[in-house]
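Following: one structure in structure tokens, then a few remarks.
Bear in mind that the values in this text are calculations on the coordinates, not laboratory data. As the structure is a prediction and not an experimental result, all values here were calculated from the model. Note that we place each Cβ from the backbone using ideal geometry, even for glycine, and neighbour counts take in every protein chain shown.
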Amino acid sequence: MAEKKVSAIQAVTLNTATFENEPFTPTYINFFYGKNGAGKTSLGRQLGEGAGIQWADGEVPANYEICLYNQDFIDQHFRTLDRLRGVFSLSEGKETEEAEKRIKELEARRKELEKRKVEIEGEGGEREKAAKALQTAQGNFEKACLNSTKLFRDKFKQAFKGATRNPQLSQKINTTAPRDCDVDELEKRFLAAFAEGARMYPYFTELDGDDHIAAIPTCPLLAEEIISKGTTEYARFIRDLGALAWIEEGHQKYHESADGACPYCGQRLPADYESLYASCFDDEYQRKIKAIRDFPEIYMRHFGPVYEILTKVTEATDVLPSVAEKIEKLKPMVQNFLRAFRSIAITVDQKLKDPASPVTVEDLTPQLLDMNYIIHQCNEDIRKNNEVVEKLEDNQDQCVKDVWALAAFRLQGEVDTYHTAQEEEKTVRKALSEELGRINGEIGAIGEELEKLGTASTTIQAAIDGMNRLLRDSGFEGFEIVKSDMAKDAYKVVRGDKKVAIRLSDGERHFLSFLYFYNRVKGCDENGVQKDKIVVIDDPVSSLDGNALFIISSLVREMIEVCYNNTDYRGQIAKGDYIKQLFILTHNAQFHRGITYNQVGRFSCANFYKINKIDNRSTVKWCKRQSRSEGGEEENYNPVKNAYAALWSEYLELNNEIPLMNVIHRILDFYFLDMCGRDGFTLRDEILVKERDKFMRTKPDGTPDESLFQLADSMLMYMGAGVDGDMTLVSDGTDVEQIRWTFEMIFRQLGQGAHYDMMVERART
């Protein structure tokens, strides 16, 4: 919450005229509004006398000159109509010559400094050149950012939302910490994070190392020479021929269909052929042949689940794009595996045809390992996707950060170049600013010295010229001031027709006196020292025409800004800070609103007060309130409202019957006749005839009580007739509450209750 700043005078207690132990706590700039007779003059005089003042810690009256402008000031400095005493303190002779010499030296130096200022901050100057160099560097950087990030912006569109163009694009890259990362990996995460319809995917079954790979069935018998050891003559004969396999194949194929004949030559076989055939094959041979014959079935049982796993993977369609790519790589590998798997039957068949010849079966372990690795990669992609989906928002944010970090990394060289240009411009700008600060400081010092030298170096004619220059610059051409021949310090006023003004109007006297007051506050003492001042201004615009009021309002606003410089010297709307505290009192609403423009918001250093006088007792109301905005901090409010709103404020403040009735007459006239366009006679008829019963009461003795009806009649009697408030009729025994009740009832019976409530609420705030 903003706190009020304390200036030299910390608190005031008024005990003068109609004020009785009335305190107020001023700040730097203090505005007082009150009607004539409310007590403004008494308040101003007490401040001018330095009475009832509590000074801030460390402050004493000797530190300040209290400058009071009021009617007393005017009377003091305009004792005659054609003489202005003390407007200027003039000196002549040797002192003036030395001052003029010094002035020439200072003005020559100021010219040099002004020339250097132009070189720095003028068009095409050093400051502009530095700014253009930075602008060029910025343009190059922005171009590099735009060109270098095109692929990124196409690939990672969501990351660049709102920053596809400069300056947002380059500013973001310039302020992002660079970091390298794998683009392909980032793209996978990004696609998963921002994929439309992102969801979880099931994992594929992987080939288990023990069950599916390490435990692949083998048949060592395939590599053996399997020869029967039958001992019969026939067995030895067949074995010597090497025809065991041939005999066995023929027997297996044609035994049942040959009907006892040889399938090869057609001759009848011996009756004991079956026993002869059986004698060719011993038990060991038969066992081995059976093991070989059974091996394909064992092989098939083992690879059945493997084939099922591979089939499910290769036939999957609802998968991630990256998984789909891997499946496409897996499909030919599965086909090759199936071809190798199926070749086992051919190999076994070959072995059975020629048991004595060793055969080999291809080792499928490397193929299984390769295929399982791809399945594992698919599951890794699925896992990453599922992890992303589980933390979608977090991963989206991280992906965006990673994209910008990578972009900044790719543009690190351009960023460094731009940073170098920024630092160079900053260094140049700082050096130029420091030089300008020194130049401005010296120019300011020269100005102050020239101002101090003005008293010693200015001739009487120069003083007159200066006064007239102020009048001309202000557009006030009604008269000018010229030297009088009566004495060296005497002046006269000449009007536009060059005739001497024998008599000045009150307005002219007020105007000229304030110009003198303004110069006195602004000026220095006889030693050239500008003393700190506390300024009190009491109604400076009495009897002024519009032009003079405008000029004085402008000068007062300048004095306000000088005082404000004590709290915030950055703006420097007006030079100097010699006014340490300011009190402005007025009854003129136009003047008050003119000088308080934009001052309400300076809560810490500006106060608003309303001076009221009720029952011959004057009070000072501090115009502050709780803000209606969020936070509810205190704020100033201006007590000067428009005329109509002011009447409602008076209505609530008055507790005397006659003044209250006068205000009510003015409100009724303004609202119903001027604003609503109603006719006074018709309006009176609505209230006093149609709504008569609303204002009637019954006395304790049963007789009609017409007091409220008569009060309403008195309020409406002169509507639209322009009758002065002194004609108000109030019956004996009528109190303020009866008046307020009757006034409110008039509004409500005329259907204007909402307006009454609104104006009362506004007046209270």
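Using a cut-off of 29 Å between Cα atoms, the listed pairs Lys40/Lys498; Lys155/Lys312; Lys533/Lys610; Lys115/Lys580; Lys5/Lys40; Lys326/Lys351 include Lys40/Lys498; Lys155/Lys312; Lys115/Lys580; Lys326/Lys351 as exceeding that distance. With K and R counted +1 and D and E -1, the other residues having a Cβ less than 13 Å from that of Asp182 yield a net charge of -1. With a simple spin-label model that places each label point 7 Å from the Cα along the Cα-to-Cβ direction, the separation between Ile658 and Arg697 comes to 2.4 nm.
Fewest neighbouring Cβ atoms within 10 Å first, the residues Val493, Val348 line up as Val348, Val493.
In plain terms, the bigger the Kirkwood radius, the slower the diffusion; for the stretch 550-619, with that radius from Cα pairs, at 4 °C and 1.567 mPa s, Stokes-Einstein puts D at 97 µm²/s.
Scoring 556-564, 406-414, 53-61, 693-701 by mean Cβ neighbours within 10 Å over their residues and listing the highest first yields 556-564, 406-414, 53-61, 693-701.
Using the Cβ-Cβ distance between Asp184 and His419 with R0 set to 25 Å, the FRET efficiency works out to roughly 0.25. Neighbour counts of C-beta atoms inside 10 Å place Thr317, Thr13 in the sequence Thr317, Thr13, starting with the fewest. Peptides 153-163, 604-614 ranked from most to least packed by the mean count of surrounding Cβ atoms within 10 Å: 604-614, 153-163.
From the alpha carbon centroid of the stretch 310-331 to that of the stretch 144-159 is 31 Å. Mean separation of Cα pairs under 8 Å and 6+ residues apart, divided by the residue count of the stretch 643-764: what relative contact order is that in percent? After rounding, I find 35 percent. Each peptide in 176-185, 327-336 was scored by the mean count of other Cβ atoms within 10 Å over its residues; highest first, the order is 327-336, 176-185. Put simply, the C-alpha atoms of the stretch 582-706 give a gyration tensor, and the ellipsoid matching it has half-axes of 39, 19, 16 Å, longest first.
With equal scatterers on the alpha carbons only and no solvent term, can you work out the Debye log10 of I(q)/I(0) for the stretch 1-44 at 0.16, 0.27 1/Å? Those come out to -0.50, -1.07, one per q.
Measuring spread by the Cα atoms of the stretch 643-764 yields a radius of gyration and Dmax of 14.0, 45 Å.
An oblate overall shape is assigned to the stretch 374-417, the ratio a/c of its alpha-carbon gyration tensor axes (a ≥ b ≥ c) being 1.5 or greater and a/b not exceeding b/c.
Exposure proxy for Lys533, Lys384: other Cβ atoms within 10 Å of each Cβ, ordered fewest to most, give Lys384, Lys533.
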